[in-house]
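The values are calculated or read from the model by the stated rules, or taken from the named source; none is laboratory data. For clarity, every value in this text was computed on a predicted model and none was experimentally measured. Quick reminder, even Gly has a Cβ in these numbers, built from the backbone with ideal geometry, and neighbours come from all protein chains shown.
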Amino acid sequence: MADLRTNFAGIESPNPFWLASGPPTNTYGQVAKAFDEGWGGAVWKTIGEPIINVFSRYGSVDLGQTRMMGFNNIELISDRPIVENLKEIAEVKRNYPKHAVIASLMVESKREAWHGMVKQTEDTGADGIELNFGCPHGMSERGMGSAVGQVPDYTCQIVEWVKEVATIPVIVKLTPNVTDITYIARAAVKGGADALSLINTINSIVGVDLATFEPQPSVAGKSSHGGYCGPAVKPIALHLVSAVAGDPSVEIPISGIGGIGSWRDAAEFIALGAGTLQVCTAVMHYGFRIVEDLIDGLSNWMDERGHRTLADIRGRALPRVAKWEDLDLNYHLLAHIDQDKCIKCELCWTACEDGAHQAIRRLPRDNGGPVVEIIEEACVGCNLCAVVCPVQDCITMRQVPNDYSPVSWKEYAAGKGKLAPRSEHFHTATWASRPKS
Amino acid sequence: MPLSEEQLAKNFADIAPALTNDAALLEATKCLYCHDAPCTIACPTHIDVPAFIKKIATGNLRGSARVILDPNPFGHSCARACPVEVLCEGACVLNDRDEQPIKIALLQRHATDYVLERKLKLFEAGKRTGKRVAIVGAGPAGLACARDLRRCGHEVTVFEAKPQPGGLNTYGIAEYKLKSDVALAEVQDILDLGVELKTGVTVGKDVPFDRLLADFHAVFVGVGLGSTKALGIPGEDLPGVVDALTFIEHLKTHPYRETTVGRHVVVIGAGNTAIDAVTQAKRLGAAAATIVYRRGEADMPCYHYEYELAKRDGCGFRFNAAPQRIIANGSGAVAGIEVRTSSGNETIPCDMVIVAIGQGERGLVVPRNDPRVFTGGDCANGGAEIVNATAEGVAAAKRIHERLTNG
């Protein structure tokens, strides 16, 4: 059985699955229930001077039958008194000493305010502090949240203030709503951060009611941009985690956040360098119980693959994240259609014909045989047909071997290496894709 | 004309073929993942259905199978033979949204096939306790009980009268639902936990029941029901009159062409076994196979979807027709059956009669008041589904374990 125990910047937890700061970590009752169901840690709903929320707070992007493929919220930080939150954090920590309990904090940008808040927090026995520099809605209008996290100097400054008094690890939560997240990550490192967590939510409007022209979620006819999250944001989060993890000047651990709902998502984040995983939307959809399959699925997969500890997989994909200019131009692919599996929907033809390289030929349906075939001299190996094909392993991309050594654009532009010959018919074979008469 | 091998194989192929990976994934993602799910409540073994489906959706098939097999050692055969229309799938909340329910049985098969085909071992025997339990009958009840007792570390010896274990899973489920080799593979997985199996041994005949009480700390009795009840009408001893269980067992233990079927077959009775008999007679090549039932359509004890299946198979139904006698021709073979109807007596011509009017009890006398004796399965519940027998075997294992541990 794989060992899922985690030590993240000195914070220990029985597994890497933490609840992200948000509605599921608002109260003692929720966090205690989550720990009972198997969660390894929890980052408390952000504490600060209590706010007043609007009622309508969440919006959803549904994709076909799938609800909450994307999700957004305009809820602010905790609306409960600071002392009440701190008292409950202390109680959770007392009753669950082996679990990671992290306090998420957000106060106005004053040194004394941060000092006071950090000291009060440490008295609870919390294992760490997460600085919410990412919340993109509401709080940012008041000079907090992403208003801090979008300016490297502010980020560095506040981390320094916090580190002046903090004796427990300090995690800085980064906003994705910036041009280059690595600048903010480096500023946090410069300020003395012990770890980073990313991503916070992305600025968004989830939709507009076309009967009333109200943006969603509507509050008495109006809305405000909210933080976008859920499965839809995972690719963005994976990229940003890899960008920060791959930055040589960022050597501190990273807690991965953004669209994690299954153990596969988690494994991908770990492979790109995440030390722990934080989950919120999936729990808001399906409850704390999802942690059982997060743990079971991850450990079964690790057992099958012979990975004993999380360290065995952490960052394994990172060396494979490269610059485009370093990719091999001589790696040639060709689409292959398994005609026995083809169900004759012709989606591949449609996509290739109109959206790509006109490299699929249609054959008459009344022949009873195949209805599509690859025009090999026109196929650029782009993957589009394989991606749109609704049948598993029906269209596969196969490498076309050649005798040429790998050559990247960088090398080629510098006059080094040779390009393997390519078909002369790219973009010129349109005629061939018409049905044969 | 006898059917070709190819046609017979087609007729007895799985009525609900396995899902492809694609189809399983698509189906799994349709599950709403209900809390306190009606499907789980409806299952006598209370498999956490949404949890195992969720695991299929995440690609954790091993974990999925474990969720199924932990509470239900016969999760594999249940996936093929359970009356899901009246259990989990009938309870699916999607029915209330006027949609097809989630294909729970096929998803369950998808996950359990995965581990069975790969011979993955999901469970292990517990630490040796030194306690010995005898199990009488290697059907689902007995073996479910055996598996859980092994997981608790008790020594288990199973006594089975038949040459093969599995009970009706091996010998009695319609061939197009569950084949014997699959049933036996599932049984083997349980035996591999270290269960001692003695086949060809009839307790009460070869071994006295008292012997078991003397040699073991507890005894579980799951002997199932006895042979088909007698009709009590003239002509039932004629050659060409066979009871449904014998007919089905022969079909399941021989190459298809070796099972004799008439040209015009009458099946007496309208329970689920009668349906299994009439459909399989038809699939073996009978020109006509007809259910003859003394009461009306609405009174049939079989499940509605089984009735529908028989109709789709082209089987006939004669309701309100009470069998009076089976008629022989000059050479002593079955020539017809005389039935009483509201408009008088009538003879239905046929050359084979299959009797499916329910099973009688076994003759084994069991000291039920002895606290060391436990029962379950058909012999205790009067005859129900695999899933009921399994649930009772599992529950009995729990009680036996408690007794052996605490008392």
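For every residue, the table says whether it meets (1) exposed (fewer than 14 other Cβ atoms within 10 Å of the Cβ); (2) out of contact with any strand residue (DSSP E or B) (no Cβ under 8 Å at 6 or more places or on another chain); (3) within 21 Å of B:VAL158 (Cα to Cα).
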| site | (1), (2), (3) |
| --- | --- |
| B:ARG318 | no, no, no |
| B:VAL353 | no, no, no |
| B:PRO371 | yes, yes, yes |
| B:ALA396 | no, no, yes |
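Take the conditions out of contact with any strand residue (DSSP E or B) (no Cβ under 9 Å at 6 or more places or on another chain) and at pLDDT below 95 and apply them to A:ARG142. Does it pass? Give the steps one after another, and end with the answer.
Values: out of contact with any strand residue (DSSP E or B) (no Cβ under 9 Å at 6 or more places or on another chain): yes; at pLDDT below 95: yes.
Yes; evaluated as a whole, the condition is true for this residue.
Mind checking whether some residue in the stretch B:68-78 is without any contact (Cβ under 8 Å) to a residue 40 or more places away in the chain, under 16 Å from B:LEU19 (Cα atoms) and not in a loop (DSSP other than H, G, I, E, B)?
So far as the stretch B:68-78 goes, no, none of its residues is without any contact (Cβ under 8 Å) to a residue 40 or more places away in the chain, under 16 Å from B:LEU19 (Cα atoms) and not in a loop (DSSP other than H, G, I, E, B).
Does B:ALA389 meet the test of being touching a helix residue (DSSP H, G or I) at 6+ places or on another chain (Cβ under 7 Å), under 30 Å from B:VAL261 (Cβ atoms) and in a helix (DSSP H, G or I)?
Here the answer is yes, as B:ALA389 does meet what is asked.
Does B:ARG325 satisfy the condition of being in the same structural domain as B:PHE247 (by TED's automatic domain parsing), part of a loop (DSSP other than H, G, I, E, B), modelled with pLDDT of 95 or more and surrounded by fewer than 19 Cβ atoms within 10 Å (Cβ to Cβ)? Give the steps one after another, and end with the answer.
Numbers: in the same structural domain as B:PHE247 (by TED's automatic domain parsing): yes; part of a loop (DSSP other than H, G, I, E, B): no; modelled with pLDDT of 95 or more: yes; surrounded by fewer than 19 Cβ atoms within 10 Å (Cβ to Cβ): yes.
So B:ARG325 fails the test.
Conditions (1) aliphatic (A, V, I, L, M); (2) modelled with pLDDT of 95 or more; (3) touching a helix residue (DSSP H, G or I) at 6+ places or on another chain (Cβ under 6 Å); (4) not assigned by TED's automatic domain parsing to the domain that holds B:GLU186, marked per residue:
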| site | (1), (2), (3), (4) |
| --- | --- |
| B:ALA24 | yes, yes, yes, yes |
| B:CYS31 | no, yes, yes, yes |
| B:ALA37 | yes, yes, yes, yes |
| B:ILE41 | yes, yes, no, yes |
| B:PRO44 | no, yes, yes, yes |
| B:ILE47 | yes, yes, yes, yes |
| B:ILE53 | yes, yes, yes, yes |
| B:ALA65 | yes, yes, yes, yes |
| B:LEU69 | yes, yes, yes, yes |
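Output yes when any residue across the stretch B:94-107 is within 18 Å of B:ALA384 (Cα to Cα) and either buried (at least 24 other Cβ atoms within 10 Å of the Cβ) or within 12 Å of another protein chain (Cβ to nearest Cβ) (or both), and no when none is.
no
Just one of B:VAL339, B:VAL265 is crowded, with 24+ Cβ neighbours inside 10 Å and more than 30 Å from B:VAL203 (Cβ to Cβ); which is it?
Checking each option against the conditions leaves just B:VAL265.
Report the residue count in the stretch B:271-298 for those that are in contact (Cβ under 8 Å) with a residue 12 or more places away in the chain and in a helix (DSSP H, G or I). I'd like the intermediate steps shown before the answer.
Step one: filter the stretch B:271-298 for residues in contact (Cβ under 8 Å) with a residue 12 or more places away in the chain, giving B:271-297.
Those still in the list that are in a helix (DSSP H, G or I) too: B:272-284, B:297.
So the count comes out to 14.
Would it be correct to say that A:LEU298 is surrounded by 21 or more Cβ atoms within 10 Å (Cβ to Cβ), touching a strand residue (DSSP E or B) at 6+ places or on another chain (Cβ under 6 Å) and either assigned by TED's automatic domain parsing to the domain that holds A:PRO231 or over 18 Å from B:ASN60 (Cα atoms) (or both)?
Numbers: surrounded by 21 or more Cβ atoms within 10 Å (Cβ to Cβ): yes; touching a strand residue (DSSP E or B) at 6+ places or on another chain (Cβ under 6 Å): no; either assigned by TED's automatic domain parsing to the domain that holds A:PRO231 or over 18 Å from B:ASN60 (Cα atoms) (or both): yes.
Against the criterion (surrounded by 21 or more Cβ atoms within 10 Å (Cβ to Cβ), touching a strand residue (DSSP E or B) at 6+ places or on another chain (Cβ under 6 Å) and either assigned by TED's automatic domain parsing to the domain that holds A:PRO231 or over 18 Å from B:ASN60 (Cα atoms) (or both)), A:LEU298 does not qualify.
Suppose we filter A:GLY368, A:GLY381 for residues that are out of contact with any helix residue (DSSP H, G or I) (no Cβ under 8 Å at 6 or more places or on another chain), free of Cβ contacts under 8 Å to residues at least 12 places away in the same chain and outside the structural domain of A:GLU268 (by TED's automatic domain parsing); which single one remains?
Result of the check over A:GLY368, A:GLY381: A:GLY368.
Which residues, counting only those in the stretch A:182-237, are outside any helix (DSSP H, G or I), in contact (Cβ under 8 Å) with a residue 12 or more places away in the chain and among the charged types (D, E, K, R)?
Selection gives A:ASP194 alone.
Grab the helices (runs of 4 or more DSSP H) fully contained in the stretch A:253-330, keeping just those with 3 or more residues being away from every other protein chain (no Cβ under 14 Å) and modelled with pLDDT of 95 or more.
Once the helices (runs of 4 or more DSSP H) in the stretch A:253-330 are filtered for at least 3 residues that are away from every other protein chain (no Cβ under 14 Å) and modelled with pLDDT of 95 or more, what remains is A:263-271.
Of all residues in the stretch B:1-33, count the ones that are more than 10 Å from chain A (Cβ to nearest Cβ), under 21 Å from B:LEU69 (Cα atoms) and not aliphatic (A, V, I, L, M).
3
Restricting attention to the stretch A:372-415, which residues are within 16 Å of A:PHE426 (Cα to Cα) and small (Gly, Ala, Ser)?
A:ALA378, A:GLY381
In the list A:ALA220, A:ALA187, which residue meets the criterion of being assigned by TED's automatic domain parsing to the domain that holds A:GLY258 and crowded, with 19+ Cβ neighbours inside 10 Å?
Of the residues listed, the single one that is assigned by TED's automatic domain parsing to the domain that holds A:GLY258 and crowded, with 19+ Cβ neighbours inside 10 Å is A:ALA187.
Any residue that is closer than 30 Å to A:GLY246 by Cβ, among the polar types (S, T, N, Q) and within 33 Å of the chain's Cα centre (by Cα) - is there at least one of those in the stretch A:323-333?
yes
Is at least one residue of the stretch B:56-73 at the interface with chain A (Cβ under 9 Å from one of its Cβ atoms) and in contact with a Ser or Thr (Cβ under 7 Å, 6 or more places away or on another chain)?
Yes, the stretch B:56-73 contains a residue that is at the interface with chain A (Cβ under 9 Å from one of its Cβ atoms) and in contact with a Ser or Thr (Cβ under 7 Å, 6 or more places away or on another chain).
If we scan the stretch B:53-67, do we find a residue that is more than 21 Å from A:ILE290 (Cβ to Cβ) and not hydrophobic (A, V, I, L, M, F, W, C)?
no
If you go through the stretch B:74-88 one residue at a time, do you hit one that is away from chain A (no Cβ under 14 Å) and of a type in the set (Asp, Glu)?
Taking every residue of the stretch B:74-88 in turn, at least one turns out to be away from chain A (no Cβ under 14 Å) and of a type in the set (Asp, Glu).
Residues of the stretch A:75-108 being over 23 Å from A:ILE257 (Cβ atoms) and modelled with pLDDT under 95, which ones? Outline the logic, then answer.
Initial filter on the stretch A:75-108 (over 23 Å from A:ILE257 (Cβ atoms)): A:81-84, A:86-87, A:90-91, A:94-95, A:97, A:108.
Correct list: A:GLU108 only.
Give the residues of the stretch A:41-69 that are within 14 Å of another protein chain (Cβ to nearest Cβ) and either touching a helix residue (DSSP H, G or I) at 6+ places or on another chain (Cβ under 7 Å) or not in a loop (DSSP other than H, G, I, E, B) (or both), sorted by residue number. Outline the logic, then answer.
Initially, the stretch A:41-69 is screened for residues within 14 Å of another protein chain (Cβ to nearest Cβ), giving A:62-69.
If the condition is that a residue be within 14 Å of another protein chain (Cβ to nearest Cβ) and either touching a helix residue (DSSP H, G or I) at 6+ places or on another chain (Cβ under 7 Å) or not in a loop (DSSP other than H, G, I, E, B) (or both), then A:ASP62, A:LEU63, A:GLN65, A:THR66, A:ARG67, A:MET68, A:MET69 are the ones that fit.
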